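Below is one structure; the comments refer to it alone.
The values are calculated or read from the model by the stated rules, or taken from the named source; none is laboratory data. These figures come from a predicted structure and were not determined experimentally. Positions of Cβ are generated from backbone atoms using ideal geometry, with glycine treated the same way; all protein chains shown enter the neighbour counts.
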């Protein structure tokens, strides 16, 4: 572009601070990186949920009411469109040199079309590939084909696609996106929040903690199925779930039948509170249901747990399992109740995993490999790189 003065960047996202979620954290890290490099930033997003803490940044923050589901989430295509349709007109009116879009692909279409009409490039921040996620869900093939076409259109129109990992970059490339337009920036957590230093919720009864999204493709029910086997050796151990998602009702029903009174659901909590629960846990639980098209995922809850020094129990296969095993962050185990229970018992018996791990080594790995501010700066460089094209 070669534009004089600071680059004007508009970020369009349905989730933003102070909402709790990986997307909100990721986008704030990007914006912080842009602002630190002198960009003129505006965030077009939704009105924060009731009860949210105040957030007044130095950059422009444009909020608009949105339809939320019963749990207060902007999740589901009706909810997405309640953000996307007004966002189209807000983007047409916005002055920008480049626009950044966060998924879902419906928002990407809105950003792509408005950018085409205004004659400016846009960047798509691909934390995952939605078409792949649908393969784990019971939806009609026609829905998968339509979403695939929509997502492919957005990815191919983007001047740059930011991918959070190499596996996501490979998924993006399959849509026909040239390699020189894909930038891998990594992913991570706020190492100022997810740290071993701070309050801990450790009490008389040992517990394992699951934080974040509960969806079908993650299959967190495997931990509930394993709990009765664990309690045979450690009768007082409990599970604590924090977060929400489409699989929550199923998990609650499973808990009521498999381990009544031993599984607790705490809803969405602030990152600092989640960190306190993680610090006090015997282990943090992460799962990806195998062969559902999502084995490439690297859930940020891995980094959050390790950043607090807490061992991770990962149920599944693929990239997430490899990170846990190779990074010495806990134990990766096959996705079956017996194997998961054995891993949980092993951590309750010896959190150092035979002396091969320590709280300090897990924390250091996250500082070296999964710092969210660092990935935000790399993502900001990818956006600002458009100014030199």
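Details
- Residue match in the range 181-193 (condition: more than 26 Å from residue 334 (Cα to Cα) and part of a helix (DSSP H, G or I)): yes
- Hits in the range 201-216 (condition: out of contact with any helix residue (DSSP H, G or I) (no Cβ under 6 Å at 6 or more places or on another chain) and outside any strand (DSSP E or B)): 203, 204, 205, 206, 213, 215, 216
- Test: residue 162 is in a helix (DSSP H, G or I), buried (at least 18 other Cβ atoms within 10 Å of the Cβ) and at pLDDT 95 or above: no
- Taking the criterion of being on the phi < 0 side of the Ramachandran plot and touching a residue at least 12 places away in the same chain (Cβ under 8 Å), the residues of the range 166-181 that qualify are 166, 167, 168, 169, 170, 171, 172, 175, 177, 181.
- In the range 3-48, the residues that are surrounded by fewer than 24 Cβ atoms within 10 Å (Cβ to Cβ), assigned to a loop (DSSP other than H, G, I, E, B) and more than 13 Å from the chain's Cα centre (by Cα): 3, 4, 5, 6, 7, 17, 18, 37, 38, 39, 47, 48
- Flag if residue 67 is surrounded by 14 or more Cβ atoms within 10 Å (Cβ to Cβ) and at pLDDT 85 or above: no
- Failed condition for residue 193, given (1) surrounded by 21 or more Cβ atoms within 10 Å (Cβ to Cβ); (2) out of contact with any strand residue (DSSP E or B) (no Cβ under 6 Å at 6 or more places or on another chain): (1)
- Scanning the range 94-106 for residues that are modelled with pLDDT of 95 or more and either in contact with a helix residue (DSSP H, G or I) (Cβ under 8 Å, 6 or more places away or on another chain) or part of a helix (DSSP H, G or I) (or both) turns up 96, 97, 98, 99, 100, 101.
- Considering 125, 77, 59, the condition of being touching a residue at least 24 places away in the same chain (Cβ under 8 Å), exposed (fewer than 15 other Cβ atoms within 10 Å of the Cβ) and either in contact with a helix residue (DSSP H, G or I) (Cβ under 8 Å, 6 or more places away or on another chain) or outside the structural domain of residue 219 (by TED's automatic domain parsing) (or both) is satisfied by 77 alone.
- Test: residue 212 is buried (at least 18 other Cβ atoms within 10 Å of the Cβ), touching a strand residue (DSSP E or B) at 6+ places or on another chain (Cβ under 9 Å) and in contact (Cβ under 8 Å) with a residue 40 or more places away in the chain: yes
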